[in-house]
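Q: The following block contains the structure, expressed as structure tokens.
Every number in this text was worked out from the coordinates using simple rules, so none of it is lab data. These figures come from a predicted structure and were not determined experimentally. Cβ placement follows ideal geometry from the backbone for every residue including glycine, while neighbour counts extend to all protein chains displayed.
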């Protein structure tokens, strides 16, 4: 009897943990002269925000509109192809939700090793992406595919938002609480899944869940600043927000929620390399009174994580607060 095909074994990394290290990425993007915000480009390269935002001509009723544009793709984070497609699509659309927008249309981005994995398996990946877009109320129309040594999938997504109510990296204000809408520890469990084939139902449920309700709740609460927690980890994404806003975040480590099994899996050694790279990058910006193990978990590379919102959202844990700028962008205690 043939062994079941395991998608994660066809790629060196997995999910958002396979991102280019953030320090390297910032050095490269810093050399680009274009793409800086100004005029109708409301959000560009300046602060490493979740997506680009461009103001377009007003609607006939005079209301403002902004186009949100983003793209995200990665190698398999789970072995099941349909679930991989759902997770990758939810992750890509999360950037639009993190800006306070609504996904409207997406196109597929697919790389596939046709000589190693039957293309019918890719069809299941695409079906998962299509179902995620249907759940979001977005059209999935076309895309691009290439023959690739490693399987990769994601979306380029276009959304719409009110240009005067964008959720941005640079709008955090001192005196506001910090809310996290999904538990973390996904990178640790995905690393264990890749190594052992074990299936973690809660982790899959978290990764396939859209951030649409969280985004709407943030806008309803009057929030102005938010980001989603993905490959750079909670500490990495939070540091970028604090740096862009000229503020400091104080994190209560004991208040941060984790997916079931994440801490025990970490203790058994299942730690993505991307999580350790995240901590290496963010460490100079952190004043911590917790140990390194706790910091690695807080820097764990997430895939399709939740929103980190400056403001309080009913039903979600407050994990800290924003304070006036201090020597360090992050204080962890």
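Q: Please state the shape class of the stretch 152-193: rounded when a/c is under 1.5, otherwise prolate if a/b exceeds b/c and oblate if not, all from the C-alpha gyration tensor.
A: Values: a/c = 3.73, a/b = 1.33, b/c = 2.81.
Since a/c reaches 1.5 but b/c is at least a/b, the shape of the stretch 152-193 is classed as oblate.
Q: Here's another thing I want to ask about it. Could you work out the relative contact order of the chain, using alpha carbon pairs under 8 angstrom and six or more residues apart, expressed as a whole percent?
A: 23
Q: How large, in Å, is the stretch 183-323 by the Kirkwood hydrodynamic radius built from its alpha-carbon pairs?
A: 15.4
Q: Sorted by mean Cβ packing within 10 Å, highest first, what order do the peptides 187-198, 162-173, 79-90 take?
A: Working: 187-198: 22.7, 162-173: 19.3, 79-90: 25.3.
Going from most to least packed, we get 79-90, 187-198, 162-173.
Q: Could you tell me which label, among [x] 23.8, 81; [y] 19.1, 65; [z] 18.6, 57, carries the value of Rg and Dmax of the Cα atoms in Å calculated for this structure?
A: [y]
Q: Looking at the square roots a ≥ b ≥ c of the eigenvalues of the Cα gyration tensor of the stretch 287-333, which shape do they give, rounded for a/c under 1.5, prolate if a/b is larger than b/c, or oblate? Numbers along the way, then the final one.
A: Numbers: a/c = 2.00, a/b = 1.14, b/c = 1.76.
Judged from the Cα gyration tensor, the stretch 287-333 comes out oblate (a/c at least 1.5, b/c at or above a/b).
Q: Can you give me the Cα centroid spacing of the stretch 261-278 and the stretch 130-178 in angstrom?
A: When both Cα centres are located, 26 Å separates them.
Q: Restricting to DSSP H runs of at least four residues, report the calculated mean residue ellipticity at 222 nm for the chain, -39500 (n - 2.57) per run over all residues, nearest 500 deg cm²/dmol.
A: So the helix-based figure for the chain works out to -10000 deg cm²/dmol.
Q: By DSSP, what percent of the beta bridges with both residues in the stretch 177-332 are antiparallel, rounded to the nearest 5?
A: Details: 14 of 21 bridges.
Around 65 percent antiparallel, to the nearest 5.
Q: Now for a separate question. Rounded, prolate or oblate, given the Cα gyration tensor of the stretch 144-263, with a/c below 1.5 counting as rounded?
A: oblate
Q: Given the peptides 283-296, 211-224, arrange them by the average over their residues of other C-beta atoms within 10 Å, most packed first.
A: Numbers: 283-296: 14.9, 211-224: 18.7.
Packing order, densest peptide first, comes out as 211-224, 283-296.
Q: Turning to a different aspect of this structure: Remind me, relative contact order of the stretch 177-332 in percent, using alpha carbon pairs under 8 angstrom and six or more residues apart? Before the final figure, lay out the partial values.
A: On the way: 302 pairs, mean separation 76.4, N = 156.
Once divided by the residue count of the stretch 177-332, the mean separation gives 49 percent.
Q: Need one number: % antiparallel among DSSP beta bridges in the stretch 51-198, to the nearest 5.
A: If I count the DSSP bridges inside the stretch 51-198, around 75 percent turn out antiparallel.
Q: Something else: Considering only DSSP beta bridges whose two residues both sit in the chain, what percent are antiparallel, to the nearest 5?
A: The antiparallel proportion sits near 75 percent.
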